[in-house]
Amino acid sequence: MMRRSVIALALLSLGGCGLRPLYAGGGSGAVAATLGSVTVAPIAGQQGWLVRNKLLERFGEAGAGAATYRLDVTLDDNITTFGVRSDQAATQERRTLRARFQLVNLSNGMVVLDATAGSDATLDIVSSEYANVAAEQTALENLSETLADQITARVALFASRTRAK
């Protein structure tokens with residue numbers, strides 16, 4: 001009984017703190033509507049293809065004529081080796097994927113959001129070249145997922161702040 005009272009009191013106090021759910025209204029809410037009106041420009045390279053597909057999964061494909069914004073993304077993919085053994089062979093790699101992205105209002109060409117996102121992964125180098133390539137590819141897929149999540153969160157935050165005004 002005491003536990004229920006504490007939970008109820010905690011829930012009541014949240015209403016007064018000014019916090020609002022980011023995705024209020026679900027699929028018909030303001031943030032979902034804004035995300036659905038973003039077209040994602042093509043991004044160069046295999047990394048770009050992966051990131052763009054992840055973004056399209058999150059935003060949905062803006063219909064012809066329905067797009068209000070265009071998302072331009074530039075990627076920087078870097079692999080650095082380190083951890084040298086006594087025979088001077090590297091033992092680890094760090095794969096870093098960074099993105100600079102701009103949300104452009106299509107009605108006036110103005111950049112309304114200019115930000116960066118990034119993530120990295122550390123990989124052990126083993127004696128099998130196939131295993132190393134597979135690990136690098138898996139890391140790239142995971143990093144693409146993380147970047148898409150970060151970009152989506154920033155665009156959703158922009159949408160929630162813009163619609164609130």
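The values are calculated or read from the model by the stated rules, or taken from the named source; none is laboratory data. This structure is a prediction, so every number in the text was calculated from the model and none was measured. We place every Cβ from the backbone using ideal geometry, glycine too, and count neighbours over all the protein chains shown.
Quick check on the range 64-86. Is at least one of its residues touching an Asp or Glu at 6+ places or on another chain (Cβ under 8 Å), touching a residue at least 40 places away in the same chain (Cβ under 8 Å) and either surrounded by 16 or more Cβ atoms within 10 Å (Cβ to Cβ) or under 16 Å from LEU35 (Cα atoms) (or both)? Looking through the range 64-86, none of the residues is touching an Asp or Glu at 6+ places or on another chain (Cβ under 8 Å), touching a residue at least 40 places away in the same chain (Cβ under 8 Å) and either surrounded by 16 or more Cβ atoms within 10 Å (Cβ to Cβ) or under 16 Å from LEU35 (Cα atoms) (or both).
Residue by residue, here is whether (1) among the polar types (S, T, N, Q); (2) touching a Gly at 6+ places or on another chain (Cβ under 9 Å) holds:
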position: PHE82; (1), (2): no, no
position: LEU97; (1), (2): no, yes
position: GLY109; (1), (2): no, no
position: GLY118; (1), (2): no, no
position: ALA121; (1), (2): no, no
position: SER128; (1), (2): yes, no
position: GLN137; (1), (2): yes, no
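The number of residues in the range 131-165 that are over 20 Å from THR96 (Cα atoms), surrounded by fewer than 16 Cβ atoms within 10 Å (Cβ to Cβ) and of a type in the set (Ser, Thr, Tyr) comes to 1.
Give the number of residues within the range 139-165 that are under 17 Å from THR68 (Cα atoms), at pLDDT 90 or above and not aliphatic (A, V, I, L, M). Qualifying residue count for the region: 3. The residues of the range 97-109 that are surrounded by 15 or more Cβ atoms within 10 Å (Cβ to Cβ) and among the polar types (S, T, N, Q) amount to a single one, GLN102.
Does THR116 satisfy the criteria of being surrounded by 13 or more Cβ atoms within 10 Å (Cβ to Cβ), out of contact with any Ser or Thr (no Cβ under 6 Å at 6 or more places or on another chain) and either without any contact (Cβ under 8 Å) to a residue 12 or more places away in the chain or more than 23 Å from ASN78 (Cβ to Cβ) (or both)? Taking the combined requirement at face value, the residue does not satisfy it. Please verify whether the range 115-129 includes one or more residues that are among the charged types (D, E, K, R), touching a Leu at 6+ places or on another chain (Cβ under 8 Å) and in a strand (DSSP E or B). Scanning the range 115-129 turns up at least one residue that is among the charged types (D, E, K, R), touching a Leu at 6+ places or on another chain (Cβ under 8 Å) and in a strand (DSSP E or B).
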